[in-house]
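Comments concern the structure below.
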Amino acid sequence: MASVLAIDHGTKKTGFAVADPLRFAVHPIEQVTLPGESDELLAFIDGLMKERDVDTFLIGLPFNMDGTEGGRAGDVRTFADRLHKRFPKVEVLFWDERLTTKAAEDLLRNEGYTGRQAKDVKDSWSALVLLRDWIESGEPRNP
C-alpha cells in the first residue's frame with residue numbers, strides 16, 4: 001500500500017492533497033496555477049511523484065446536482081487519460097466532487113483562513129475534502 005494523491009483539476013488552478021499509506025494522515029499540499037491541459041501541469045505532478053510513493057491518483061469528477069456528469073467532466077477525463085499515459089503504473093480513480101468547494105470553504109473559515117489567504121489554498125483543501133470523503137467511504141474503486 002502506498003500514498004494516494006488527490007487532484008482537484010481546474011482550467012487555471014489545480015489543488016492537491018495526499019494521504020499516507022495507512023490513511024492516518026490526510027493533508028493538503030501545494031496548489032498550482034497552471035492551465036489544466038498543459039504539459040507544465042504534468043511536469044509539476046511528476047515532481048510531486050518524485051517526493052512520494054504514490055500508487056493511486058484520486059481525481060475529482062464534476063457532477064451536476066441531478067447526478068449527471070457536469071460540463072467539465074470531459075476535460076477532467078482527458079486530463080486523467082494523459083496522467084495515466086505518463087504514469088501507467090499508478091491507478092487512476094474518479095470521485096464525485098460535488099460540494100467539495102463549499103466544504104473546503106467551511107473548513108478554511110473554521111481554521112481562520114480569510115480572503116486572499118483562503119483563495120490561495122482553496123483548491124488543495126477541496127482535494128483534501130475529496131480524499132477524506134473517499135477514504136471514509138471505504139476507498140471504493142471505479143467499476
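For the reader, a short list of remarks on this structure follows.
- The listed residue being modelled with pLDDT of 95 or more, farther than 21 Å from residue 134 by Cα and over 13 Å from the mean Cα position of the chain (by Cα), out of 50, 85: 85
- Looking across region 96-121 at every residue that is in contact (Cβ under 8 Å) with a residue 40 or more places away in the chain and under 19 Å from residue 63 (Cα atoms), the one that is surrounded by the most Cβ atoms within 10 Å (Cβ to Cβ) is identified as 100.
- Pairing each residue of region 2-29 that is within 18 Å of residue 77 (Cβ to Cβ) and modelled with pLDDT of 90 or more with any residue that is in a loop (DSSP other than H, G, I, E, B) and of a type outside the set (Val, Ile, Thr), provided the two are 6+ apart or on different chains, yields C-beta distances under 6 Å for 9/36; 10/36; 11/36.
- Restricting attention to region 53-82 and to residues that are among the aromatic types (Phe, Trp, Tyr) and at pLDDT 95 or above, the residue that is farthest from residue 133 (Cα to Cα) turns out to be 79.
- Residue within region 41-57 that is surrounded by 15 or more Cβ atoms within 10 Å (Cβ to Cβ), hydrophobic (A, V, I, L, M, F, W, C) and closer than 19 Å to residue 139 by Cβ present: yes
The values are calculated or read from the model by the stated rules, or taken from the named source; none is laboratory data. Since this is a predicted model, take the numbers as computed values, not measurements. A quick note on method: Cβ atoms are made from the backbone with ideal geometry, for glycine too, and the neighbour counts reach across all protein chains shown.
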